[in-house]
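Written below as structure tokens is the structure these notes are about.
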Amino acid sequence: MKEKILIVEDDPRNMRLLEMTLRARGYTLLEATDGREALDIVVRERPDLVITDIQLPKMNGLAVTKKLRKTPGFEDTPIIAITAYAMKGDRERAIEAGCNAYLSKPINTRELPEVIAAMLLHRQSGKIPTPMK
Ligand code: MN
């Protein structure tokens, strides 16, 4: 069975782009539009990987990531952060919060599935994905 991926994104157009990109690869997709909903879904559905926008209502993507890292069973779940406002220091903050990768919008629809596949592969082999990008 293909892995379950949670997409946390409040922008409908970007959500659709992510959906189309990942559905084509056969992943089971879960969706949340704010940080609190994301945490609820994570606990209930236990996704294999999380893609989160940084700028989100209620709780931003970095706060979501920090909470996830403290949730039993999610210490090593791959988390990919995406942002529309790439600023100096953002990548460091994302990695520090516990994200494994950091990508800026517009999403590169060729690069993203490769990053995801690499992370899921590392996870299966028992190695913790190292921060990249
Ligand atoms: Mn957003």
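Points to keep in mind about this one:
- Amide H contacts of Glu31 (H built 1.01 Å from N, in plane; Pro and chain starts excluded): Ile7 sit under 5 Å, all sequence-distant by 5 or more or on other chains.
- For the options Ala101, Ala118, Ala38, a Gaussian network treatment of the chain with springs between C-alpha atoms closer than 10 Å singles out Ala118 as fluctuating the most.
- Distant-in-sequence amide H partners of Ala81 (H built 1.01 Å from N, under 5 Å): Thr52, Asn100, Ala101, Tyr102, Leu103
- Heavy-atom accessible area per residue - the chain, 1.4 Å, Å²: 54 Å²
- Mean Cα-pair separation over length for the stretch 20-132, i.e. relative contact order, pairs under 8 Å, 6 or more apart, %: 23 percent
- Within the accessible surface of the chain, defined with a 1.4 Å probe on protein heavy atoms only, the carbon and sulfur portion equals 52 percent.
- Highest-MSF residue in the chain out of Ala24, Ala63, Ala97 [GNM, Cα springs under 10 Å]: Ala24
- Segment Lys58..Ala117, full-extension length gain: 18.3 nm, with 0.36 nm per residue of separation and the alpha-carbon distance subtracted.
- Lys/Arg +1, Asp/Glu -1 at C-beta; the chain dipole; positive extreme among Leu18, Phe74, Leu56: Phe74
- Against the rule of thumb 2.2 N^0.38 Å, how large the Cα Rg of the stretch 1-88 comes out: 1.01
- Global geometry of the stretch 30-133, whether rounded, prolate or oblate, following the gyration tensor of its Cα atoms and the 1.5 cut on a/c: rounded
The values are calculated or read from the model by the stated rules, or taken from the named source; none is laboratory data. Note that the structure is a prediction, hence the values are computed from the model and not measured. Glycine also receives a Cβ, built like all others from the backbone with ideal geometry; neighbour counts cover every protein chain displayed. To get the accessible areas, we keep the full protein, side chains included, count just its heavy atoms, and leave off ligands, DNA and RNA. Shrake-Rupley method; radii C 1.70, N 1.55, O 1.52, S 1.80 Å.
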